[in-house]
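Asker: One structure, as structure tokens, below. Some questions next.
Throughout, read-outs are computed from the coordinates displayed, never taken from laboratory work. Since the structure is predicted, the reported quantities are computational estimates derived from the model, not experimental observations. Cβ atoms come from the backbone with ideal geometry, glycine included; neighbour counts cover every protein chain shown.
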Amino acid sequence: MMAAPRLEINLDKIYHNASTLVKRLACRGISVTGVTKATLGSAEIATTMLRAGVKALGDSRVENIEAMRFAQVPASMAMIRSPMLSQAKRVVMHADVSCNTEIEVIRKLSVEAQKADRTHGVILMVELGDLREGIMPDDLIDTVRETLSLPNIVVKGIGTNLACRSGVSPDSKNMAKLSDLADSLEATFGLTLEIVSGGNSANLEWALSGAAIGRVNDLRLGEAILLGCETLHRQPIDGLHTDAITLSAEVIEAKVKPSQPSGTIAQTAFGEAPAVTDRGLVTQAILAVGQQDIDPYGLIAPAGIDIMGASSDHLILESDRSELSVGAQVIFQLNYSALVRAMTSSFVTRIMTSASTDKDYLS
């Protein structure tokens with residue numbers, strides 16, 4: 001029996017998703033930066049994205065970029081979270097480009113780039129309404145002016161991020177604002193911006209709608225490639241696989257139990273106040289995976305199985321399926337939250353398969 005819990009990662013399906021999105025966006029004049037942060041910088045997944053045509057790789061952790069460099073993944077790599085001052089040297093040494101919002105950090109990148117005799121590219125991130133990271137538009141001119149004066153630093157472009165914190169949707173209005181800012185900077189400073197990065201998987205609805213693209217020529221895509229869905233409403237994208245990555249977990253207890261707990265009810269292990277109804281006796285199964293490893297509310301169970309809750313180490317199901325006996329394994333699809341947590345857990349085995357290479361990769 002295969003190890004559990006485990007993620008099964010189908011590289012062929014990831015290749016299909018990435019290739020399909022690259023081709024659709026190329027028709028709109030937009031290239032794709034493949035985001036590897038949810039995969040812990042997996043060299044196999046990164047290489048699959050590159051074979052599918054992504055222009056570059058992006059990650060929010062310098063540790064993941066270092067891992068891909070160590071594995072000799074042949075790609076331009078971008079640090080897509082604003083670098084920490086304490087990691088500026090590592091960012092310069094291993095990332096070709098970084099997304100930035102603070103001039104103090106860019107100054108530090110300049111110092112480290114001079115020491116290493118390297119040139120480091122920066123993309124200046126602009127705040128356009130979602131209130132996560134970004135330079136306020138009125139402050140952009142001053143930030144660009146100082147950045148251009150710093151040795152060993154090259155302004156590669158500007159970008160923005162929407163939908164992640166406040167759920168603000170990318171649309172024609174905020175994307176046109178980004179294009180206008182790009183035009184204004186080029187006119188003011190006499191430069192050419194190589195990259196105008198419009199955002200993430202949430203931008204796909206806008207980018208493929210037929211709306212005017214303006215200056216946007218790059219999107220940073222992770223979830224859409226890995227899970228085959230857009231991120232505004234978490235709907236499947238037509239023609240993509242939504243099961244490229246699945247989670248399998250093993251049943252360690254299967255019993256008929258009351259649906260109503262007995263005794264005085266207080267908080268659960270994670271501080272929740274459970275609301276339960278008496279449904280009589282139910283068929284309950286417990287799986288050997290919990291909140292330390294996954295987001296239970298981000299799992300999609302097979303038909304006939306309901307996820308009732310989870311503690312640190314246990315996932316509780318109710319089922320009308322008799323095959324949920326001890327030792328049985330249940331296969332779930334995942335949303336992004338569950339995927340990120342499972343990938344991060346050292347207790348979840350990762351198995352990658354690819355029919356095209358006839359290989360299994362175990363990590």
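Asker: How large is Rg/Rh for region 204-363, to two decimals, with Cα atoms and a Kirkwood Rh?
Answerer: 1.06
Asker: If you take every residue apart from Gln72 with its C-beta less than 13 Å away from the C-beta of Gln72, what net charge results, scoring Lys and Arg +1 and Asp and Glu -1?
Answerer: -1
Asker: Quick check: residue separation of Ala71 and Asp183 times 0.36 nm, minus the Cα distance between them. What number comes out in nm?
Answerer: That pair, Ala71 and Asp183, stretches by 36.5 nm at full extension.
Asker: Can you show me the helix-derived [θ] at 222 nm for the chain, built from DSSP H runs with n ≥ 4 at -39,500 (n - 2.57) apiece and divided by the number of residues, rounded to the nearest 500.
Answerer: Calculated from helices alone, the mean residue ellipticity at 222 nm is -8000 deg cm²/dmol.
Asker: Using only the Cα atoms of the chain, what do you get for the radius of gyration and for Dmax, in Å?
Answerer: 23.0, 74
Asker: Roughly what % of DSSP beta bridges within the chain run antiparallel, to the nearest 5?
Answerer: Taking every DSSP beta bridge with both residues in the chain, the antiparallel ones total about 50 percent.
Asker: Over 19 Å apart: what share of the alpha carbon pairs of region 159-254 falls there, rounded to a whole percent?
Answerer: Tail of the P(r) past 19 Å holds 50 percent of the pairs.
Asker: Quick one: Debye curve from the C-alpha atoms of region 78-133, no solvent, what's log10 I(q)/I(0) at q = 0.14, 0.31 Å⁻¹?
Answerer: Each listed q corresponds, in turn, to -0.33, -1.36.
Asker: Which entries of Lys37/Lys255; Lys13/Lys156; Lys23/Lys108; Lys13/Lys37; Lys37/Lys156; Lys55/Lys177 have Cα-Cα distances beyond 30 Å here?
Answerer: Pairs exceeding the cut-off: Lys37/Lys255; Lys13/Lys156; Lys23/Lys108.
Asker: Report, to the nearest 10°, how far helix 172-189 tilts away from the longest principal axis of the Cα atoms in the chain, using its own Cα long axis and a range of 0 to 90°.
Answerer: On a 0 to 90 degree scale, this one is about 30.
Asker: In nm, to one decimal, how far is the modelled label at Val154 from the one at Ala328, with both set 7 Å along Cα→Cβ?
Answerer: Once both label points are built, they end up 5.9 nm from each other.
Asker: Any aspartates and glutamates with Cα under 20 Å of the Lys115 Cα? List them, leaving off those in the same chain fewer than 8 positions away.
Answerer: Cross-link targets: Glu66, Asp96, Glu104, Glu146.
Asker: Follow-up. Jot down the per residue volume, in cubic angstrom and as a whole number, of the convex hull over the alpha-carbon atoms of region 201-260.
Answerer: 146 Å³
Asker: To the nearest 20 debye, what charge dipole does region 234-363 have about its Cα centre, counting +1 at the Cβ of each Lys and Arg and -1 at the Cβ of each Asp and Glu?
Answerer: 120 debye
Asker: Hey, another quick one. If one takes the longest principal axis of the Cα atoms in the chain, at what angle in degrees, from 0 to 90 and to the nearest 10, does the Cα axis of helix 11-26 lie?
Answerer: With rounding to tens, the tilt is 40 degrees.
Asker: Which of Gly280, Gly134, Gly159 moves the most in a Gaussian network model of the chain with Cα springs under 10 Å?
Answerer: Between Gly280, Gly134, Gly159, it is Gly280 that shows the largest mean-square fluctuation.
Asker: Moving on to the next point. Mind checking region 95-143 for trypsin sites (Lys or Arg not before Pro) that DSSP puts in a loop (not H, G, I, E or B) and that have at most 13 other Cβ atoms within 10 Å?
Answerer: Arg118
Asker: Here's something else I'd like to know. Which shape class, rounded, prolate or oblate, goes with region 11-227 when its Cα gyration tensor gives a ≥ b ≥ c as root eigenvalues, a/c under 1.5 marks rounded, and past that a/b bigger than b/c marks prolate?
Answerer: Because a/c hits 1.5 or more and a/b fails to exceed b/c, region 11-227 counts as oblate.
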